[in-house]
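A short worksheet on the structure shown next.
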C-alpha cells in the first residue's frame, strides 16, 4: 500500500482522476502535512497540457472527506500558529480553484467541514443520493469557524443569509437539500457518480457563481444596507440560542461580512485571524474535548476486552412514552426487530403511532418513500402475551417505578425467553441490584436508563450491579450504540449518576423559589449560564410528581442532603404536576406567542412573595455548585469510572453547558480551591448540604486537577 494520501492518473478521455485515500484509516480527514502533496499533484496535472479536466474522488468506500483532523489543532501553541494553519489551507485551495481546467468534486459519504471547503473550491460538485452522503460546515459545534475558505465560498453560492444560517447552526444536509440550495449541482446513484462527474466537465471552467435568490432575500442581499440587516438578524437569532456564550458566532458573522463588503482576500484574512483566535479559546478547547471523548468511547465496550454478543431481536415491555421511544430507536436507528408488549391494545397502538409519526414526517418531507416507511415499520410487532419472544436477545423494561412490578417482569422474562436473554431495566431511580433479587440469572440483569424524549436525548446510562456479567455489559453497550446513543457505564446506586447530580441542582432551585426568587429570573439565570432550559421549566416538563417521587428514594439511600424542599409537597397538594396536567409553574394554556408566562398563583401555593434579592450570577452559582460537588462524590464512590464519563453524562444527559466542558473540566477551570471556598461560604449560611466532597478538599490543598 502507498504511503501517499493523494494519487492521480489520466484516463483514456484525458481526464485526471485525483483520488484521496488516507492510509490505514477508515475515513478521509485533512491534515496540514498533506498540503505539499496536494500542491505536487496539482503541479503535475498543470504540467500535462493534454488534460481536459479533473475529478476529485475518494478511495474510501463510504467517505469523501469527513473534515479536518481535529487533533492537529492541539499542536498549535498560540492563536498565531492556528492562523498560519488556516492560511496554508487557503493557499492550497486557492491553487485548486485557480486551475486552468475544470474540476469536479465527486462526493459519496460525509463531506463535512474541511471536506466541503475542498469541494467548494472545485468548479462543480456532484454527490450520491445515498443516505451516507451528508454535507455541511459543522465547525461551530467545535467552537470554531470554517478555516479553509468556507466563510467566503459558501455565501457566494447560497447567499449571505442562508450561508450564515448553515454555518452558525453547523447544519448537516442530505443530498436532496444540498442540491436544492445549489451547494451541489446534481445528486445521482453511486454507480454512475464518476461517469456523471466526467460528463459535466464538458461544460468547461465555471464562471462566477451567484445564488438563486428571489423576492425579499434578493432585495436585502443586493445592497450593503440590506446585508447589514441580515448580519444583525443573524446575530440576534444566534444570541437567543447561545446567550453570547459561544464566540464562534460573532467570528463567523464578521468573516462573512468582511468578505462580502471588502472582497474575497480580505474575507480570507479575517477568516484565518478568527480561526486562530477561536482555536486558542477555552470554549473551543472544551468543545473539542467532548469530541475526543465521544470518539474514544465509540471504541470501548464498557467491559474491557470482552466482546459483545450480537442482538438480532429485542423486546420492549410497556407501550408508554418511554417504551414507545425505546422501540422506535431500536427499529429506526439500530434496525433491530422489536416486539412491544403491553397489557392492553391501546398502549400498543400508542407505541406504534409514536414511531409512525416520526417516519411519516420524513415521507411528507420527501426524505424517504412510503414504501421505505412501511419497511421500517415492519420491524415492529406487538403482543399482549409473552409469545414470539423465545429468541429475543434483550428485553428492555419500561414499566412503572414499582419494585414488585419489576420483580414480576424479571420472572416473566426468565420463564418465557431463553437463558441468555438480557433483562435491561429503564428505571430512573431504583437500584438494579434490588431488581435483580428476583432473578434466577442475575448476571443477565442490567440497567439501561434512557432520557426523555428517547429519540432526541443522546445519553443512556448502563448500570451494572455487582453480579452483572461482563458479557451482559458489553452487549448492552453495543446495543445502545446501535440505537444511536452515547452510553456511559455507571455503578449501581440510587439515582445512578445523572439523576443524582440533577436532584441537588433542582432542589436548590426549589429552595431559591421558597426564598422568594422569581421563577422567570431563576430560569433565565441558568439559561444564561448555558443550560438549554432553566430548572423550573425542566421541572414542569419532566413532571413535578416525578421529582417528588424520586427524592425520598435518594434521601433514604444517600442521606439528608437529598431532603426535598417543602415546595414539592405544597405543589402536589394543589394538584400541580406540570405539563402533563397543564398546571405547574407556567401557564400552559396561554395564547400569547413566545415564552409562556408564569402562573402567578403558584407563589401563593408556595407561600412566598417574589422579590428577587440575588443577582443572576448568584442564582446560577447556588444551583451549579451543588451539581459540581455531587459529581465529585460520584467519582469518589466509583459511581462513574472517570471524570470523562462524568462530563459526557452531564452534557448529554441534562444539558450541562458544553462550552464549559462538563462538571469536571469546569471545576478545573475554576480551580478546586475556589470551588471549596464557595461551598464553605454556603455551608456557613445553609448547613451541611453544601459540605464539600472530601476529594475536592484534598484537591484544593494539593492543587491537583482532573485533567492535564
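Here is a yes/no grid of residues against (1) within 21 Å of residue 294 (Cβ to Cβ); (2) in a helix (DSSP H, G or I):
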residue	(1), (2)
387	no, no
390	no, no
399	no, no
406	no, yes
413	no, yes
435	no, yes
438	no, no
455	yes, no
466	no, no
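Look at (1) modelled with pLDDT of 95 or more; (2) over 19 Å from residue 28 (Cα atoms); (3) in contact with a strand residue (DSSP E or B) (Cβ under 8 Å, 6 or more places away or on another chain); (4) not in a loop (DSSP other than H, G, I, E, B) and you find that residue 176 fails only one, number (1).
Search the stretch 271-300 for residues being in contact with a strand residue (DSSP E or B) (Cβ under 9 Å, 6 or more places away or on another chain) and not in a helix (DSSP H, G or I), and hand back the single one that is farthest from residue 243 (Cα to Cα). Among them, the one singled out is 300.
A single member of 73, 85, 99 is in a loop (DSSP other than H, G, I, E, B) and either free of Cβ contacts under 8 Å to residues at least 24 places away in the same chain or farther than 20 Å from residue 178 by Cβ (or both), and it is 99.
Report, by residue number, each residue of the stretch 308-321 that is at pLDDT below 95 and surrounded by fewer than 23 Cβ atoms within 10 Å (Cβ to Cβ). Within the stretch 308-321, 320, 321 meet the criteria. For residue 304, the conditions (1) buried (at least 17 other Cβ atoms within 10 Å of the Cβ); (2) on the phi > 0 side of the Ramachandran plot are fulfilled apart from (1). Of the residues making up the stretch 238-270, those that are in a loop (DSSP other than H, G, I, E, B) and closer than 15 Å to residue 659 by Cα are 243, 244, 245, 246, 247. Each residue in the stretch 242-276 was checked for being surrounded by fewer than 19 Cβ atoms within 10 Å (Cβ to Cβ), in contact (Cβ under 8 Å) with a residue 12 or more places away in the chain and over 19 Å from residue 159 (Cα atoms), and 2 of them qualify. With respect to the stated conditions, residue 580 is in the same structural domain as residue 524 (by TED's automatic domain parsing) and more than 19 Å from residue 526 (Cβ to Cβ).
If you go through the stretch 432-458 and pick out every residue that is crowded, with 21+ Cβ neighbours inside 10 Å and either under 19 Å from residue 314 (Cβ atoms) or touching a residue at least 60 places away in the same chain (Cβ under 8 Å) (or both), you end up with 11.
Residues checked against (1) assigned by TED's automatic domain parsing to the domain that holds residue 408; (2) surrounded by 22 or more Cβ atoms within 10 Å (Cβ to Cβ); (3) modelled with pLDDT of 95 or more:
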residue	(1), (2), (3)
338	yes, yes, yes
354	yes, yes, no
358	yes, no, no
367	yes, no, no
370	yes, no, no
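Consider the stretch 108-146 and keep the residues that are in a loop (DSSP other than H, G, I, E, B) and within 21 Å of residue 198 (Cβ to Cβ). The one that is farthest from the chain's Cα centre (by Cα) is 123. Of all residues in the stretch 629-652, at least one satisfies being under 26 Å from residue 142 (Cβ atoms), in the same structural domain as residue 524 (by TED's automatic domain parsing) and surrounded by fewer than 20 Cβ atoms within 10 Å (Cβ to Cβ).
Looking at the stretch 528-601, the helices (runs of 4 or more DSSP H) lying wholly inside it that each contain 2 or more residues that are at pLDDT below 90 and surrounded by 20 or more Cβ atoms within 10 Å (Cβ to Cβ) sit at 544-558, 567-573.
With the structure loaded, tell me whether residue 210 is modelled with pLDDT under 95, closer than 26 Å to residue 17 by Cβ and assigned by TED's automatic domain parsing to the domain that holds residue 11 or whether it fails that test. The answer is no for residue 210. Considering (1) within 22 Å of residue 125 (Cα to Cα); (2) out of contact with any strand residue (DSSP E or B) (no Cβ under 6 Å at 6 or more places or on another chain), the lone condition that residue 74 does not fulfil carries the number (1).
Being in contact with a helix residue (DSSP H, G or I) (Cβ under 7 Å, 6 or more places away or on another chain) and assigned to a loop (DSSP other than H, G, I, E, B) is the filter; apply it to the stretch 48-68 and report the residue that is surrounded by the fewest Cβ atoms within 10 Å (Cβ to Cβ). Selected residue: 52.
Any idea which residue in the stretch 319-347 is nearest to the chain's Cα centre (by Cα), counting only those that are outside any helix (DSSP H, G or I) and over 23 Å from residue 391 (Cβ atoms)?
320
Kindly establish whether residue 217 is touching a residue at least 12 places away in the same chain (Cβ under 8 Å), exposed (fewer than 15 other Cβ atoms within 10 Å of the Cβ) and on the phi < 0 side of the Ramachandran plot. No.
Every condition in (1) in contact with a helix residue (DSSP H, G or I) (Cβ under 8 Å, 6 or more places away or on another chain); (2) buried (at least 21 other Cβ atoms within 10 Å of the Cβ) holds for residue 20 except the one numbered (1).
The values are calculated or read from the model by the stated rules, or taken from the named source; none is laboratory data. Because the structure is a prediction, the values reported are computed rather than measured. Note: ideal-geometry Cβ built from the backbone for every residue, glycine included; neighbour counts use all protein chains shown.
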